[in-house]
1. Which residue out of I252, I234 is surrounded by 15 or more Cβ atoms within 10 Å (Cβ to Cβ), in contact (Cβ under 8 Å) with a residue 40 or more places away in the chain, aliphatic (A, V, I, L, M) and closer than 30 Å to R156 by Cβ?
2. Could you tell me whether R206 is closer than 30 Å to Q271 by Cα, of a type in the set (D, E, K, R) and in contact with a helix residue (DSSP H, G or I) (Cβ under 8 Å, 6 or more places away or on another chain)?
3. Scanning for something in a helix (DSSP H, G or I) and farther than 26 Å from A171 by Cα, does region 122-131 turn up at least one residue?
4. Which numbered condition trips up L110, out of (1) of a type in the set (A, V, I, L, M, F, W, C); (2) without any contact (Cβ under 8 Å) to a residue 24 or more places away in the chain; (3) within 30 Å of P133 (Cβ to Cβ)?
5. Looking at (1) out of contact with any helix residue (DSSP H, G or I) (no Cβ under 8 Å at 6 or more places or on another chain); (2) farther than 26 Å from F304 by Cα, which one does T238 not meet, given that it meets all the others?
6. On the basis of being more than 14 Å from A171 (Cα to Cα), open to solvent by 10 Å² or more (accessible area, probe 1.4 Å), at pLDDT 95 or above and out of contact with any strand residue (DSSP E or B) (no Cβ under 7 Å at 6 or more places or on another chain), does D65 make the cut?
7. Please count how many residues of region 268-300 are polar (S, T, N, Q) and farther than 17 Å from Y170 by Cβ.
8. Kindly provide the set of residues from region 126-183 that are more than 30 Å from G257 (Cβ to Cβ), touching a residue at least 24 places away in the same chain (Cβ under 8 Å) and polar (S, T, N, Q), ordered by number.
Amino acid sequence: MKHALVVGALGVVGQGLVQHLAGQPGWKVTGLSRRNPSEARAASYISIDLLDRDDAERKLAGLADVTHIFYAAYLERPSFADEVAPNLAMLRNTVEVVERAAPGLEHVSLMQGTKAYGTHLGRYRTPARETDPRHMPPNFYYDQEDFLRERAPKARWTWSAMRPRTIYGYAINSPMNMTSVLGVYASISKELGLPLRFPGTPGGYRALQQAIDTDLLARATVWAATEPRCANEIFNVTNGGLFRWEHMWPKIAAFFGMECGPVQTIRLAEQMADKGSLWARMVEKYGLQPTPYEQLVAWKFGDFQWHAEYDSISETTKIRRYGFHDIVDDEEMFVRQMARLQELRVIPPAA
């Protein structure tokens, strides 16, 4: 029996990992998060403040049978420099306490992303490869990775790091995902009788994009953590295809039964800030989950994704060469995830 410790278990990545692992034979799953889950889940959960070393010692010291750490926690701060110390501390407190408590610890999996290549800074070299040089720091990914690289040779465990492209999935009270941005934006537009207009820039509408479904990301992450050849390696991972929003947008509009409008560049963080009262009426009208509007969507995240006027492409030859070949069709993913939001009553059902 393997025991997975999923750190950041209530986030969009963490929930995908928990759901996947809980459905696999031979796995026991424990989730770590700052808050307790609001409903019953397929794992045991520990509410913990990983910035507090004493809290980590008290709550993790008894996890003697953990074999795999899946680290997907993230603490946002006002600047990139401010993010380094707390995000490194959370990883360090997890690994140092668990490795001492669990003599059978085999592997630490670190969730990164294409910010490792500087996608958040502007145009970057594409297709991005795992061997590309680092950009000018700060970037907390680098500090976390260096910590694992330095510690692993002296430890019993190995490590791996995953670099997914834009992640699509849904997690309750975890607004930092594009699935919520897309679904709520479309639903509000439809309620107002508007066409579905792309709110980003013309360049963002035309640029080549990649995405990854949380289910596929979970499968790839567990595969890398349990495949011996992947020890101490980094892997880009995507759905396997490419798309442009100018081609995908009409299909999304059709799913919602909406007219596909032209590009209308706005800042969602500004334009959607006053929609809380409208959303409250929609919750009552359609019987939706009563999630507070400010916890529903990270509009700034949508602005970042849809205003980037450059190709965002990762080379995935390495993960294929090592043996992972699963793919997901991008269009099928968008339709399935929007339908799932409707089924969960996160957004209004189909008319």
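The values are calculated or read from the model by the stated rules, or taken from the named source; none is laboratory data. Here the structure is a predicted model, which is why all the values come from computation and not from measurement. Quick reminder, even Gly has a Cβ in these numbers, built from the backbone with ideal geometry, and neighbours come from all protein chains shown. Side chains included, ligands, DNA and RNA excluded: accessible areas come from the protein's heavy atoms. Shrake-Rupley method; radii C 1.70, N 1.55, O 1.52, S 1.80 Å.
1. On the way: I252 fails: closer than 30 Å to R156 by Cβ.
Exactly one of I252, I234 is surrounded by 15 or more Cβ atoms within 10 Å (Cβ to Cβ), in contact (Cβ under 8 Å) with a residue 40 or more places away in the chain, aliphatic (A, V, I, L, M) and closer than 30 Å to R156 by Cβ, namely I234.
2. Values: closer than 30 Å to Q271 by Cα: yes; of a type in the set (D, E, K, R): yes; in contact with a helix residue (DSSP H, G or I) (Cβ under 8 Å, 6 or more places away or on another chain): yes.
So R206 fits the description; yes.
3. Start the filter on region 122-131 by keeping residues that are in a helix (DSSP H, G or I), which leaves none.
Within region 122-131, not a single residue is in a helix (DSSP H, G or I) and farther than 26 Å from A171 by Cα.
4. Here L110 clears every test but (2).
5. (2)
6. Working: more than 14 Å from A171 (Cα to Cα): yes; open to solvent by 10 Å² or more (accessible area, probe 1.4 Å): yes; at pLDDT 95 or above: yes; out of contact with any strand residue (DSSP E or B) (no Cβ under 7 Å at 6 or more places or on another chain): no.
No: the conditions fail for D65.
7. Residues that pass the stated criteria total 2.
8. Matches in region 126-183: T126, N139, Q144, T158, S160.
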